[in-house]
Amino acid sequence: LFDLMMQANVADDPYLSRVLPRYFPQPLQDRFAAELREHPLRAEIICTQLTNQIGNRMGETFCHYVQQETNSDILSILRAFTAAKEALGVEALWADLDAVGLSVDDTLQRDYYTGIQDILEKATLWLLRHHAGELDIEQLIQRYQPGLSALQNELPQRLDDSGSAIWQARQEQLLTQGLNEQQARSLGALRYLYRGLDVIRVAQQQEQATSQAAEAYFALDTLLQMPWLREQVSQLPDSDMWQRKARAALANELDKLLSSATASLLAHTSPDAELAQRLEQWQASNTATLQRCQTTLGEIRATGALNLAMLSVAVRELSTLTG
């Protein structure tokens with residue numbers, strides 16, 4: 001990975017190169033900031049810092065996996081990863097978990113580290129798929145970070161009863177382990193904030209407020225039984241590469257479907273109307289398709305043991321709402 005970074009001139013990226021001073025003790029950073037930028041081993045130090053961060057936080061196979069999924073070069077992957085990390089506030093979450101150390105249950109701590117890794121991987125893939133060719137880290141952070149921060153504050157109003165219960169349980173679990181309220185709130189919210197990337201993108205495309213897009217998105221999430229579908233997809237076998245790819249592709253299709261449905265609702269209803277009115281109007285325009293989808297989902301749920309074929313049928317049926 002280090003060699004790939006060196007070959008790609010990663011150290012020339014103005015944002016990625018900000019890791020350089022962290023290699024040195026704080027007194028040297030304070031006294032010799034300008035000199036450090038001209039260090040003869042500047043590129044090697046930057047690439048070493050980035051290699052260590054990726055390896056320690058995301059695992060040795062992260063870049064290879066992302067490259068396989070998106071056919072992106074190493075510089076694009078690093079830019080997307082860094083933008084996702086900053087927009088989601090992941091550095092602070094890592095610091096919170098690092099700080100509590102041995103005072104937290106080891107299994108719980110590993111679960112949260114793994115959870116952060118999973119969300120950050122998804123967000124990196126999302127940015128590469130939606131912003132290939134325009135991966136300016138600073139611009140991506142400015143585009144998504146404010147909306148994600150606002151969404152975190154709105155989550156209690158956006159989640160349905162089931163989602164709220166899960167989030168509340170996660171916060172209470174973290175509070176009992178010694179984290180403070182803000183830390184528990186942020187860690188508990190991360191799994192939902194990833195979906196904020198779609199919310200913000202749809203809001204900007206439809207030129208409507210992020211709050212309006214968020215309320216429509218989460219309302220449709222419940223209406224279309226997305227939480228249940230995601231859970232079923234996550235339980236599909238993943239014992240080999242092709243099963244993992246099939247599962248990931250189906251999960252990605254669900255995300256795209258919900259995003260498209262949200263865009264459809266926003267585009268075909270008045271932004272001046274209340275959510276209930278907009279949702280009712282959208283449902284009325286899609287009555288026959290929604291009934292067919294609900295029937296299909298009901299039949300699939302009744303079978304009990306689900307497989308890839310059944311879930312693929314469900315996703316295809318739901319896709320007719322946006323096709």
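For the pair Ala169 and Ser234, how long in nm is the line joining their label points, each one 7 Å along Cα→Cβ?
Each label point lies 7 Å from its Cα, and together they span 1.1 nm.
Please list, in order, the residues from the range 132-164 whose amide nitrogen is less than 20 Å from a point placed 7 Å along the Cα→Cβ vector of Arg301.
Inside the label zone: 159-164.
Probe 1.4 Å, all protein chains in place: accessible area of Ser319 in Å², nearest 10?
About 50 Å², ignoring ligands and nucleic acids.
How large is the dipole of the range 186-238 about the Cα centre if only Lys and Arg carry +1 and Asp and Glu carry -1, each at its Cβ, rounded to the nearest 20 debye?
Dipole magnitude for the range 186-238 comes out near 80 debye.
How much of the accessible area of the chain, probe 1.4 Å, is carbon plus sulfur, in whole percent?
48 percent
Set the Förster distance to 41 Å, then compute FRET efficiency between Ala99 and Ala288 from the Cβ-Cβ distance, nearest 0.05.
0.15
How many nm is it between the label spots at Glu207 and Gln68, if each spot is 7 Å from the Cα in line with the beta carbon?
With each label placed 7 Å out from Cα toward Cβ, I get 4.4 nm.
With a bin width of 20 angstrom, please list the P(r) values of the chain as percents of all Cα-Cα pairs, from the 0 bin to the one holding the largest distance.
Over the chain, the share of Cα pairs per 20 Å bin runs 28, 57, 15, 1 percent.
If you roll a 1.4 Å probe over the heavy atoms of the protein chains, what accessible area per residue do you get for the range 83-178, in Å²?
For the range 83-178, the solvent-accessible area averages 48 Å² per residue.
To the nearest 20 debye, what is the magnitude of the charge dipole of the chain about its Cα centre, counting +1 on the Cβ of each Lys and Arg and -1 on the Cβ of each Asp and Glu?
Details: 27 positive and 41 negative charges, 82 e Å.
Approximately 400 debye in magnitude.
Of Asp12, Asp238, Asp198, Asp96, which has the most accessible area and how do the rest follow, probe 1.4 Å?
Heavy-atom accessible area, descending, gives Asp12, Asp238, Asp96, Asp198.
Where the only charges are on Cβ atoms (+1 Lys, Arg; -1 Asp, Glu), what is the dipole of the range 113-235 about its Cα centre, to the nearest 20 debye? Walk me through the intermediate numbers first.
Working: 10 positive and 15 negative charges, 30 e Å.
About 140 debye.
So between Ala92 and Leu41, what do we pick up on full extension, going 0.36 nm a residue minus the alpha carbon distance?
Values: separation 51, 0.36 × 51 = 18.36 nm, distance 2.88 nm.
My answer for the length gained is 15.5 nm.
Determine ³J(HN,Hα), in whole Hz, for all residues of the range 263-279 in sequence, where each value follows from phi through the Karplus function 6.51 cos²θ - 1.76 cosθ + 1.60 and θ = phi - 60°; x replaces Gly and Pro.
With the stated coefficients, the range 263-279 comes to 4, 4, 4, 5, 6, 10, 10, 6, x, 7, 7, 6, 4, 4, 5, 5, 5 Hz.
The values are calculated or read from the model by the stated rules, or taken from the named source; none is laboratory data. It should be emphasised that the depicted structure is a prediction, and the values quoted were computed from it without experimental measurement. Cβ: placed from backbone, ideal geometry, glycine included. Neighbour counts: every protein chain shown. Please note that ligands, DNA and RNA were not included when accessible areas were found on the heavy atoms of the full protein model with its side chains. Shrake-Rupley method; radii C 1.70, N 1.55, O 1.52, S 1.80 Å.
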